[in-house]
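The values are calculated or read from the model by the stated rules, or taken from the named source; none is laboratory data. Note that the structure is predicted; figures quoted are calculated from it, not measured. Note that we place each Cβ from the backbone using ideal geometry, even for glycine, and neighbour counts take in every protein chain shown. In case anyone asks, the SASA skips ligands and DNA or RNA and just uses the protein heavy atoms, side chains included. Shrake-Rupley method; radii C 1.70, N 1.55, O 1.52, S 1.80 Å.
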Amino acid sequence: MTANAPLTRTDIDEIAKRLDRPVVLVGLMGAGKSTVGRRLASMLGRNFVDADDAIEHAAQRTIPEIFSEFGEEYFRDGERRVIARLIEEEAGVIATGGGAFVDDETRSLILTRAVAVWIDCDIDTLVERTSRRNTRPLLQGGDPKEILTALLEKRGPLYAEAQLRIRSEDSPHADTARAIIEAIDQWL
């Protein structure tokens with residue numbers, strides 16, 4: 001592949017063949033992990049799993065219900081088990097919840113058994129994206145911009161441990177997915 005040349009279908013297929021582990025997307029809520037993840041999986045010819053959906057399916061409860069009934073620690077423990085199972089099943093692309101990578105055991109698991117990609121995004125874009133749904137337990141009862149800013153300050157150094165970091169701009173999700181594939185190619 002020529003530097004700065006757009007990826008061709010053949011380039012992407014060759015990168016996918018060399019990729020021997022799942023790609024796990026990490027970052028704050030609203031960064032586009034699920035949406036970009038679906039596009040990335042499609043481009044790589046792999047399956048996509050949203051860890052939050054898998055958790056809800058396993059628990060037979062919504063994430064807000066789990067938080068409300070059992071608390072965050074209980075949720076994080078279940079989240080770690082589900083992510084471990086998804087990695088073991090060799091899911092192609094896994095989108096995680098915003099706090100998954102903050103847990104030491106979960107982060108270690110992802111870093112050793114997958115390629116972690118931090119989808120980084122500016123706070124104003126995150127506020128706009130997260131305002132579209134009222135299902136974010138950590139954004140309840142406060143100013144979303146303040147909460148997201150505090151979360152980024154706390155979680156940013158941990159997200160920075162990911163093997164790859166991609167900036168998500170207000171552009172088509174396919175552009176972010178292509179940027180991830182290019183970063184994976186360089187990382188491999």
Between Glu153, Glu79, Glu90, where does the largest GNM mean-square fluctuation fall for the chain, given springs only between Cα atoms within less than 10 Å?
Glu153
Report, by chain and number, residues whose modeled amide H sits under 5 Å from the one on Ala116, excluding near sequence neighbours (fewer than 5 apart, same chain).
Val24, Gln163, Leu164
GNM on the chain, Cα springs under 10 Å; top mean-square fluctuation among Gly97, Gly71, Gly156 goes to Gly71
Counting each pair of different Cα atoms once, what's the Kirkwood radius of region 1-101 in Å, rounded to one decimal?
14.7 Å
Counting heavy atoms of the protein chains only and a 1.4 Å probe, report the per residue accessible area for region 78-188 as a whole number of Å².
49 Å²
What figure, in Å² to the nearest 10, do you get for the accessible area of Ser42 with a 1.4 Å probe and non-protein molecules left out?
80 Å²
Rounded to the nearest 20 debye, dipole of region 74-188 from Cβ charges on Lys, Arg, Asp, Glu
300 debye
Computed FRET efficiency, Cβ-Cβ of Tyr74 and Arg167, R0 35 Å: what is it to the nearest 0.05?
0.55
Of the heavy-atom accessible surface of the chain (probe 1.4 angstrom), what whole percent is carbon and sulfur?
46 percent
Positive-end residue of Cys121, Thr149, Gly98, charge dipole of region 52-181 with Cβ unit charges:
Cys121
Calculated [θ] (222 nm, deg cm²/dmol) that DSSP helices of n ≥ 4 give over the chain, each run adding -39,500 (n - 2.57)
-17000 deg cm²/dmol
Ordered by residue, what ³J(HN,Hα) values in Hz, to whole numbers, does region 19-32 give under the Karplus form 6.51 cos²θ - 1.76 cosθ + 1.60, where θ = phi - 60° and Gly and Pro are x?
7, 9, 8, x, 9, 10, 8, 10, x, 5, 4, x, 6, x
Using a Förster distance of 22 Å, how high is the FRET efficiency between Asp185 and Val102, based on the Cβ-Cβ distance and rounded to 0.05?
0.20
Would you please name the trypsin sites (Lys or Arg not before Pro) within region 1-104 that are DSSP coil residues with at most 13 other C-beta atoms within 10 Å of their C-beta?
none
